[in-house]
Amino acid sequence: PVLEPYKYAQRILSRPVVRQYEERPGRDGLQGRVPLQRRVVQDRRSGRGTMSFKDGSSYQGSWKECLKHGKGVFKWNNGSAYDGDWSNGKREGHGRCTYEDGSRYEGSFKNNCRDGRGTFWARDGATYTGEWTANEKHGNGKYTWHDGSTFEGNWNRGNMASGSLRCADGRVERM
């Protein structure tokens, strides 16, 4: 039967395209075999799918024109993982990252870095909740050591700048 052009296009676009193809090395240098449910827009991946890289890392989530975009999970081959928002191939927005050593972070990301408000839990039990800029504690925040001591105040490029240091023994020092 002959279909009218708009009905034919609707029918084609409503079906997902599933293909396997060889990835060429990208900007991050990774290369792998890609099973991906996708729409092809001018030879670029879009939609949801999974990509496994030769080094053992993988990404499962949304794609837009060959870039991670939307919600997705990236797992590195060392056991680290990121679950959250992506924009144009970069961690951007809210996300959760677990690291190889057991530490973790939840909060804002910008340009692949912890940036904005977030909480970091170190493997030794220490925590930091506050502002971040380019992966460094920067701005207002509170750091709590595993023994209960705290520093609350301003941070400058990862260093305590001004605030209150409350020691586990009860002493308080202004900085």
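The values are calculated or read from the model by the stated rules, or taken from the named source; none is laboratory data. What you see is a predicted model; the values in this text were computed from it and never measured. For neighbour counting, all protein chains shown are included, and Cβ atoms are generated from backbone atoms with ideal geometry for every residue, glycine included. Just so you know, the surface numbers come from the protein's heavy atoms only, side chains and all, with ligands and any DNA or RNA stripped out. Shrake-Rupley method; radii C 1.70, N 1.55, O 1.52, S 1.80 Å.
Quick one: would you say Gly26 is farther than 27 Å from Thr119 by Cα, modelled with pLDDT under 50 and not in a strand (DSSP E or B)?
When the stated conditions are applied, Gly26 passes them.
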> Listed residues Glu100, Glu152; which is surrounded by fewer than 15 Cβ atoms within 10 Å (Cβ to Cβ) and on the phi < 0 side of the Ramachandran plot?
Replying inline: Glu100
>> Quick check on my filter: what residues within the stretch 155-169 are part of a strand (DSSP E or B), among the hydrophobic types (A, V, I, L, M, F, W, C) and open to solvent by 50 Å² or more (accessible area, probe 1.4 Å)?
In response: Met160, Ala161
>> Looking at (1) closer than 20 Å to Trp132 by Cβ; (2) at pLDDT below 95, which one does Phe74 not meet, given that it meets all the others?
In response: (2)
> Where in the stretch 78-134 are there strands (runs of 3 or more DSSP E), lying fully within it, with 2 or more residues that are over 11 Å from the mean Cα position of the chain (by Cα) and either farther than 20 Å from Thr144 by Cα or not small (Gly, Ala, Ser) (or both)?
Replying inline: 113-121, 127-133
>> Cβ-Cβ under 9 Å, sequence separation 6+ or interchain: first residue in the stretch 112-128 and closer than 14 Å to Asp85 by Cα and polar (S, T, N, Q), partner at pLDDT 95 or above and assigned to a strand (DSSP E or B). Which pairs?
In response: Asn112/Lys90; Asn112/Arg91; Asn112/Glu92
